[in-house]
1. Just subtract the alpha-carbon distance of Ser89 and Arg50 from 0.36 nm times their residue separation and send over the number in nm, one decimal.
2. Any number yet on Rg/Rh for segment 37-106, C-alpha, Kirkwood?
3. For a protection proxy built on the mean count of beta-carbon atoms within 10 angstrom, sort 35-43, 58-66, 90-98 highest first, please.
4. Taking R0 as 41 Å, what FRET efficiency do you get between Leu78 and Ser107 from their Cβ-Cβ distance, rounded to the nearest 0.05?
5. Hey, with R₀ at 22 Å, roughly what FRET efficiency would Ala37 and Gln64 work out to, going by the Cβ-Cβ distance, to 0.05?
6. When Arg80, Arg85 are ordered from fewest to most other Cβ atoms inside 10 Å of their Cβ, what list results?
7. Over segment 37-106, what is the mean sequence separation of C-alpha contacts under 8 Å (at least six apart), divided by residue count, expressed as relative contact order in percent?
8. What is the fewest-to-most order of Thr76, Thr34 by other Cβ atoms lying within 10 Å of their Cβ?
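Readers should treat all values here as calculations from the given coordinates under stated rules, not as data from a laboratory. Computed from a predicted structure; not experimentally measured. So basically every Cβ, Gly included, is an ideal-geometry build from the backbone, and we count neighbours across all protein chains shown.
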Amino acid sequence: MSENKNVQPYSQSVSRVHVRQEYHEEIDEPETVTVKADALKCPTCLEFFRNAPVMLACGHSFCQDCMLMIKQSRQTRLIRCPICRQQSSNEAQKNYAVGQIVDSADSYVERSASSQACQNLKFK
């Protein structure tokens, strides 16, 4: 009986791996991804992130300037997230994933602007 129980979970896990591989093949390298603008803004100052934002333990991200102000306003080693009010240490980590999205958006805007400028050129 115990052998039979061991075989079934293994076969289920194999089928799950197969499904995941098929899923990743479909979205391996998308050409475009739609991201809401608010996801790229600091929830404190409402400005677009200029570089990799910093993230608290709760997962909320802020621009580095706002995080510095949040840290300076506290006298203790704990800070409270302005969004969810969860306390965490004042050691925030860089959110590289959001930073890469910001960099990609910046380069897309630059390419679009330069492409538009080239289309507006007229030769005599």
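1. 11.7 nm
2. My calculation of the ratio gives 0.96.
3. 58-66, 90-98, 35-43
4. 0.65
5. With a Förster radius of 22 Å, E is 0.70.
6. Ordered by Cβ neighbours within 10 Å, fewest first: Arg85, Arg80.
7. Averaging sequence separation for qualifying contacts and normalising by length gives 36 percent for segment 37-106.
8. Thr34, Thr76
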